[in-house]
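**Q** Provided herewith is a single structure, encoded as structure tokens, for subsequent inquiry.
The values are calculated or read from the model by the stated rules, or taken from the named source; none is laboratory data. Worth saying up front: this structure is predicted, and the values here are computed from it rather than measured. Neighbour counts are summed over all protein chains in view; Cβ atoms, including those assigned to glycine, are modelled from backbone coordinates with ideal geometry. Side chains included, ligands, DNA and RNA excluded: accessible areas come from the protein's heavy atoms. Shrake-Rupley method; radii C 1.70, N 1.55, O 1.52, S 1.80 Å.
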Amino acid sequence: MSRRAIGWAAGAAAAVLVAAGAVTYAVADPGSVSGSGSGDGKAAQRTPAADSADAGFARDMAVHHQQAVEMSYIVRDHTKNEDVRRLAYDIAQTQANQRGMLLGWLDLWGLPKVSADPPMTWMGMGGMVTAEDGSLMPGMATNTQMRKLATLNGKQAEIFYLQLMTNHHKGGIHMAEGCVAKCTVGVEKRLAQGMVDAQQSELQVMAQMLKERGAEPLP
């Protein structure tokens, strides 16, 4: 995997952060909700509700991102391969920053960061997702898989990380596409679309990295 390819994927992720960061606080203005126009005293009606797709995506993706950050720092400490370490660091930094934005928006909206509803309820999947061994949402690794990753080193760690992160990205893309379709806050929809674009490019990078190591994605 060339540094150019990894750098291109990292650049795409960085562009998402710059674009989202430039408008983060715009979400505090209810006028930023799609179709709402400028603020005119009806802010409460335009602020997302606690059970909205906007709030549900922010809560669930913050949890989803947190695992990706943890996974990336584990492999960064368990391999000396510069390509994998660079990719893992880029993913960790990107998703940690995006997680901060999502939680920050919940604060700005005055909404709770946790919900009594099952994960993915905002996508109509609350009763379909089984929290098996800590895997709360699509693509998330199980607790057993996370423990296994922490025991591996070198090429074995690289392969298992790339396999887990491939599934993680696929699940994250599914969730982000759900927000693009269902969310009403313009900047949140744009951040979600940016996640789709960046993670799809990273999937291509990881597929090539797995191929170079004689491995394939998990079934």
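**Q** In segment 74-129, what residues are open to solvent by less than 70 Å² (accessible area, probe 1.4 Å) and among the small types (Gly, Ala, Ser)?
**A** ALA88, ALA92, ALA96, GLY100, GLY104, GLY110, SER115, GLY124, GLY126
**Q** I would also like to ask the following. Kindly indicate which of THR94, THR121 is under 26 Å from ARG213 (Cα atoms) and hydroxyl-bearing (Ser, Thr, Tyr).
**A** Selected residue: THR94, the only one of THR94, THR121 that is under 26 Å from ARG213 (Cα atoms) and hydroxyl-bearing (Ser, Thr, Tyr).
**Q** ASP133 versus (1) open to solvent by less than 30 Å² (accessible area, probe 1.4 Å); (2) touching a Ser or Thr at 6+ places or on another chain (Cβ under 9 Å): which is the lone unmet condition?
**A** Only one criterion is unmet by ASP133, namely (1).
**Q** When the residues of segment 136-165 are narrowed to those that are outside any helix (DSSP H, G or I) and among the small types (Gly, Ala, Ser), which ends up surrounded by the most Cβ atoms within 10 Å (Cβ to Cβ)?
**A** Going through the qualifying residues, I end up with ALA141.
**Q** Which residues, taken from segment 167-219, are open to solvent by 10 Å² or more (accessible area, probe 1.4 Å), under 23 Å from ALA50 (Cα atoms) and charged (D, E, K, R)?
**A** Selection gives GLU177, LYS182, LYS189, ARG190.
**Q** Does GLU177 satisfy being of a type outside the set (Phe, Trp, Tyr) and under 13 Å from the mean Cα position of the chain (by Cα)?
**A** yes
**Q** While we're on this one: Can you spot a residue in segment 178-189 that is of a type in the set (S, T, N, Q) and part of a helix (DSSP H, G or I)?
**A** no
**Q** Here's a follow-up. Show the residue pairs meeting these rules: Cβ distance below 6 Å; 6+ apart or different chains; first residue within segment 54-73 and closer than 13 Å to PRO118 by Cα and at pLDDT 95 or above; second residue open to solvent by 10 Å² or more (accessible area, probe 1.4 Å) and assigned to a helix (DSSP H, G or I).
**A** Short answer, once both residue conditions are applied: GLY56/TRP122.
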